[in-house]
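Heads up, the thing below is written out as structure tokens.
The values are calculated or read from the model by the stated rules, or taken from the named source; none is laboratory data. None of these values were measured; they are calculated from a predicted model. As a convention, Cβ positions derive from the backbone with ideal geometry for all residues, glycine included, and neighbour counts pool all protein chains shown. Keep in mind that these areas ignore ligands, DNA and RNA; they rest on the heavy atoms of the full protein, side chains included. Shrake-Rupley method; radii C 1.70, N 1.55, O 1.52, S 1.80 Å.
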Amino acid sequence: EAPWDKVKEAFPTMAGPHGLMIFFKVNQGRLTSLHNGIKRCCLYIVGNGIVAEQILSIDIRASLYVPFHVCLYDNGNPGGAIIAYDRPSSFLAVFNNPALVEIGYLLDHRMDRVVQAVKSNNR
């Protein structure tokens, strides 16, 4: 257990250049491939602990939506893997609080930058 100041200090390094980190990964394809052939898909739980603290300080019910889901999957198309993700602003909008929507847009933007970086690296 670390003091909050130490967590805030360490988090930027853990989160990397886009300010997001993977908290948890589930290889859904491993189990589901046991029936009807190979499925290549992984679910990631992604977020930023510092931003999550800000969100939950505004409305604790938002813990239903942060961290958010990102799915990386291969549907067999020649274009390669596909990334799909929750848009935090959409989920946080249900609380009808402009501060939460603004933070949601910040997280949307960070995730958009991750997608663009992945696309750039794969060209």
Return the pair list, or none, for Cβ contacts closer than 6 Å from residues in region 86-97 that are closer than 12 Å to residue 61 by Cα to residues that are acidic (Asp, Glu) and open to solvent by less than 50 Å² (accessible area, probe 1.4 Å), at least 6 apart or on different chains.
95/59
Inside region 74-123, the number of residues satisfying the requirement of being touching a Phe, Trp or Tyr at 6+ places or on another chain (Cβ under 6 Å) and surrounded by fewer than 16 Cβ atoms within 10 Å (Cβ to Cβ) is 1
With the requirement that a residue be in contact with a helix residue (DSSP H, G or I) (Cβ under 8 Å, 6 or more places away or on another chain), in a helix (DSSP H, G or I) and open to solvent by 80 Å² or more (accessible area, probe 1.4 Å), what does region 5-39 give you?
8
Those residues of region 44-95 which are under 11 Å from the mean Cα position of the chain (by Cα) and over 16 Å from residue 29 (Cβ atoms), in sequence order
45, 46, 47, 48, 65, 66, 67, 68, 85, 86, 87, 88
Could you please find all residues in region 40-67 being assigned to a helix (DSSP H, G or I), of a type in the set (Val, Ile, Thr) and closer than 25 Å to residue 83 by Cβ?
50, 51, 55
Does region 61-68 include one or more residues that are farther than 27 Å from residue 13 by Cα, loosely packed, with under 15 Cβ neighbours inside 10 Å and without any contact (Cβ under 8 Å) to a residue 60 or more places away in the chain?
yes
